[in-house]
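No value in this document is a laboratory result; all are computed from the given coordinates. Values in this document were obtained by computation on a predicted structure and should not be read as measured data. Here the Cβ positions follow ideal geometry from the backbone for every residue, glycine too, while neighbour counts run over all protein chains shown.
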There are 4 protein chains.
Amino acid sequence: MAGKRNSKGKPVAVVVGATSKWQADGRNTKLAHGKAVDDSDLPVGIRWGVGGAIAQKFAKEGFFVVLTTRTEANASGLAAAIGKQGGDCMIVELDLARQDSVAAAFATIRGDAGDPHVLIYNAGYLEGRDLPPEKELLEHIPVEMFDATQHIACRGPFLVAKEVLPAMRKRGEGSFFFSNNSSSLRGRKRMTGQSLYYPRVMMRTLAQVLTEEYSEHGIHVANIVIDGLIDSPGTHALPRARQNPDLVMNPVKIAEAFHYLHTQDRSCWTHELQLTPFSTKPSY
Amino acid sequence: MAGKRNSKGKPVAVVVGATSKWQADGRNTKLAHGKAVDDSDLPVGIRWGVGGAIAQKFAKEGFFVVLTTRTEANASGLAAAIGKQGGDCMIVELDLARQDSVAAAFATIRGDAGDPHVLIYNAGYLEGRDLPPEKELLEHIPVEMFDATQHIACRGPFLVAKEVLPAMRKRGEGSFFFSNNSSSLRGRKRMTGQSLYYPRVMMRTLAQVLTEEYSEHGIHVANIVIDGLIDSPGTHALPRARQNPDLVMNPVKIAEAFHYLHTQDRSCWTHELQLTPFSTKPSY
Amino acid sequence: MAGKRNSKGKPVAVVVGATSKWQADGRNTKLAHGKAVDDSDLPVGIRWGVGGAIAQKFAKEGFFVVLTTRTEANASGLAAAIGKQGGDCMIVELDLARQDSVAAAFATIRGDAGDPHVLIYNAGYLEGRDLPPEKELLEHIPVEMFDATQHIACRGPFLVAKEVLPAMRKRGEGSFFFSNNSSSLRGRKRMTGQSLYYPRVMMRTLAQVLTEEYSEHGIHVANIVIDGLIDSPGTHALPRARQNPDLVMNPVKIAEAFHYLHTQDRSCWTHELQLTPFSTKPSY
Amino acid sequence: MAGKRNSKGKPVAVVVGATSKWQADGRNTKLAHGKAVDDSDLPVGIRWGVGGAIAQKFAKEGFFVVLTTRTEANASGLAAAIGKQGGDCMIVELDLARQDSVAAAFATIRGDAGDPHVLIYNAGYLEGRDLPPEKELLEHIPVEMFDATQHIACRGPFLVAKEVLPAMRKRGEGSFFFSNNSSSLRGRKRMTGQSLYYPRVMMRTLAQVLTEEYSEHGIHVANIVIDGLIDSPGTHALPRARQNPDLVMNPVKIAEAFHYLHTQDRSCWTHELQLTPFSTKPSY
């Protein structure tokens, strides 16, 4: 595992899924544009989507940030950027589909960084996006595709929760935030080109469960509904983003919302925060 | 597989999970009472809980009913009762945790009964009920227990939907109903003695997805929220049921609600039906 | 007040707003078509919209039906039809905007028919429909228009509830149903041509209040969300109804849903029932 | 009308209902404690409840604050405190039950302060609180009491919206926030001692309407659900607050949440913000 240890004893923020499928060389970027894109003229705050922006924000606010990713190379640019900004971070490889990988990653985190104070579950998936129009209906979704979504949206969050909540509970404080989208609000028809997103409701439901179970132990749980297109190298170049810049959400500002939640006084905690561009109607 | 074939060419209603964990010798009954109970003085309509009542109702209404169950013996009493009432049914063994079992069961159903006109997903689970008070929080739920709930509440319905929807869609009609409970409405704290029920929201969410995808193809999809304690041999003998009979729901009447939904004119379909005893406030 | 007394001692069903703005000579019909339409070739079940269909259904099921309307002449055709079908009914004039009118009408009902067993609140309004596109935003809605909606959707139901609930509570049974639409589910932008419908949420909210307060007293309260275009002389002739008959809801079938609710066993009551044509996605 | 004019040309924040029924000499305080209480040892931030805290916060952030109240004397202490803190404000008398009063108050505001940049609707009522247990059910609520709630929760917000939205729309920016409580989320049984709060859903619904209508014009609309007991001189002295300080919400922190909303980037606006003490489960 790459990165340095938390030698300054900073509080620890873990971003599960710190990189973006829409970063310059991300999977969605390549799928949408046929190749990687050049992000050298984009602000560093948006280069790794919302996960990268959250990581940079918490690093600036004094946290030692742990970036988890399937493959270390995906996060090396982000780690370098955080270092350049004077922040401290480490990269930990993590495959949410494997219980042993989750266990090993958090053992490393506890050993090298310490028990997390903030956990942001930002893992995503793109299964379903490349199904052709004649495969739009649920009956055509392959079981393997469904299983992949379960690992990210249902079982992964459960495994991660089991890893970090006991220490937060004993300490009597901590933040556990889910980075989610509008598909988490209810089941809808999947349209051609969209991911199979209905399992996302399980992330929201788990947030509701953990809110009821762990708030009284001092742990702030929240589901954040990012209700629009997030700026990033890959989305920035999409025709609909270029034609309607008012539709595009600034990940730096989204990251500020995550940090705001973390700073809320515990006499007035918010457990669901929806963020919508002014130009569109909020999803529900 | 037991039972006879659909020799009279009746329309086919499949009840997935036709038996009850609260029947006279059911798992919940034994867990709550320490032994099987005697159901000989109970009306036959309530002896196998809501699954059994639905099966009897659709049989009376002229359907050939397929009873799926993990082990044929569990459903033999119910099958005999349906036969005595002049109905026709067959038993098919089905393990929702195994994709090959789901495939084999529906191959049998299609071969021996025909393509289903009505599918009622009534499978349940009791994982979590026997966890002691000191294991109440989510961090103490074993992963195996979580996985078991996923098979019944998330993956099982997906697999079953893939089996039955294509033929319903081609025929331009059919009913696909989910028998659910109030835990499907949102995530809540699990209290000691309760099952790990938050994955039940996925059944409701899938019902919402299928409603949006398949209604226009003539398939009536609905989530039925049974919002209280269902009468059955095992629940009948519980102290809280004996002391507050007004809390207890009559499965015969619940079954009538399922049948009412099936008979709704397609110009006014209901896609979620909550049933609550008059003496309690509806869950939400 | 017209009509006869409940001389046979039938149970009493009151339909508040029994006529339709879309009946042959209704206000909406005249607004949309420029004149009254001929309904002589339409089935009698749909001639007075959903209010008329409910009245006919309950009359057929053995109720003495009270038709309330602003002006008796509006309901005379409906009353005649019910009589021809062998039913019994009376017409009572009622102006929901005036507390004294509500009091007088229910005094008449109690005196001539008896305490209601079933109350269906089906009053509607069309304020806002004729505002031009440049008056679409809320800032352009005249205060008088807002006040008119308050009388029908907020204050009227409160006044009617106060009139009928005490006797139902003392008897330990009764049904109080709200005939509502999808605007009752949440606030939305009013589009040009639509009524100012956001106050409709108060009808639904009152249904929720009364459900929690009166169910335990044996009174079945429900909000019925009619989620589409209801067939009637005026809507039947609309271009969008003629071009898309699958969008049109049969009021006879809607009325059956109201009656089904009334017949539900009190161990499994439904407190909200949404009805949606199969060809459209349910509102939420 | 008291106070000075906005001579420094500051942006204008109007707090409708800036004082508190729980302030030292407030109506609720006197009702609960039998007399006014001494607030001299309480921090100035909490002396006038959430309305006063919001006024102080926006004054500190550079706004000219308009305090509306039924009677100027109610707000004089708050105005003095704001002045002492270096802020600028004025008091405007306003009776939400009278259209002419609303019109006159906003004419004054526009003339003496200027068009509002921020409008916080914080008006409340206590109708219903002193009904005895035998008057708990809705049938016992006097019509006058219902009418009073309509003026504050339904008609008042409509009138105020009509006053301030046109100028905000023309300017292309503004914030319109509703200070609400958990009764705005759905209808519930009123328990003895509680206000008749179900009309509060109309404030939330109006927020949803205005969000859909005015966001695209640059106006940030939000419903803030304050989901617990707010600290103030009157609530501070309640037995349940003294025994469970973890239940009590700090109005200074609530005010910060209102200000945070106002500062959100318009690419990620929140339209509903619920605030709940960590020690309790969030309402829904």
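Annotations
- Karplus (6.51, -1.76, 1.60) ³J(HN,Hα), θ = phi - 60°, over the range C:173-189, in Hz, Gly and Pro reported as x: 7, x, 10, 10, 10, 9, 8, 10, 10, 5, 5, 6, 7, 5, x, 9, 5
- In the range B:132-284, Cα pairs under 8 Å separated by at least six residues give a relative contact order of 24 percent.
- Note that the range B:16-28 has calculated 3J(HN,Hα) couplings of 7, x, 7, 9, 10, 5, 9, 5, 3, 10, x, 5, 5 Hz, one per residue in order, obtained from phi through the Karplus relation 6.51 cos²θ - 1.76 cosθ + 1.60 (θ = phi - 60°); glycine and proline are x.
- For the segment D:255-267, counting C-beta atoms of other chains within 10 Å of every residue's C-beta and taking the mean gives 5.
- Relative contact order (percent, whole number), chain C, Cα cutoff 8 Å, 6+ residue spacing: 21
- For the segment D:180-191, counting C-beta atoms of other chains within 10 Å of every residue's C-beta and taking the mean gives 4.
- Choice from B:Arg242, B:Arg70, B:Arg200 with maximal GNM fluctuation in chain B (Cα, 10 Å cutoff): B:Arg242
- Put the Cα centre of the range B:227-272 next to the Cα centre of the range D:219-271 and the gap is 41 Å.
- Taking a sphere under 9 Å around the Cβ of B:Asn223 and counting the other residues whose Cβ falls inside, with K and R at +1 and D and E at -1, yields a net charge of 0.
- Helix-derived mean residue ellipticity, 222 nm - over chain C, DSSP H n ≥ 4, -39500 (n - 2.57), to 500: -11500 deg cm²/dmol
- Within 10 Å of each Cβ in B:167-174, the average number of Cβ atoms from other chains: 1
- Linear extension gain, D:Asp246 paired with D:Arg110, 0.36 nm per residue minus alpha-carbon span: 44.8 nm
- Residues whose amide H comes within less than 5 Å of that of C:Ala97, counting only those at least five positions distant or on another chain, are absent (H built at 1.01 Å from N in the peptide plane).
- Cα centroid separation, the range B:84-161 to the range B:25-43 (Å): 21
- Exposure proxy ranking for C:Val102, D:Val14, C:Val16, based on other Cβ atoms within 10 angstrom of each Cβ and starting from the fewest, stands as C:Val102, C:Val16, D:Val14.
- Cα gyration tensor shape for the protein assembly as shown, rounded if a/c is under 1.5, else prolate or oblate: oblate
- Computed from the C-beta positions of D:Lys135 and A:Arg98 and an R0 of 60 Å, the FRET efficiency is 0.45 to the nearest 0.05.
- Mean Kyte hydropathy of -0.5 or more with a Cα span along the axis of at least 30 Å, helices from DSSP in chain B: none
- Amide H within-cut-off set for B:Phe176, under 5 Å, with H built and near neighbours excluded: B:Leu119, B:His220, B:Val221, B:Ala222
- Restraint check, A:Lys60/D:Lys60; B:Lys281/D:Lys253; A:Lys10/D:Lys253; A:Lys253/B:Lys162; A:Lys10/D:Lys10; C:Lys35/C:Lys162, Cα-Cα greater than 32 Å: B:Lys281/D:Lys253; A:Lys253/B:Lys162; A:Lys10/D:Lys10; C:Lys35/C:Lys162
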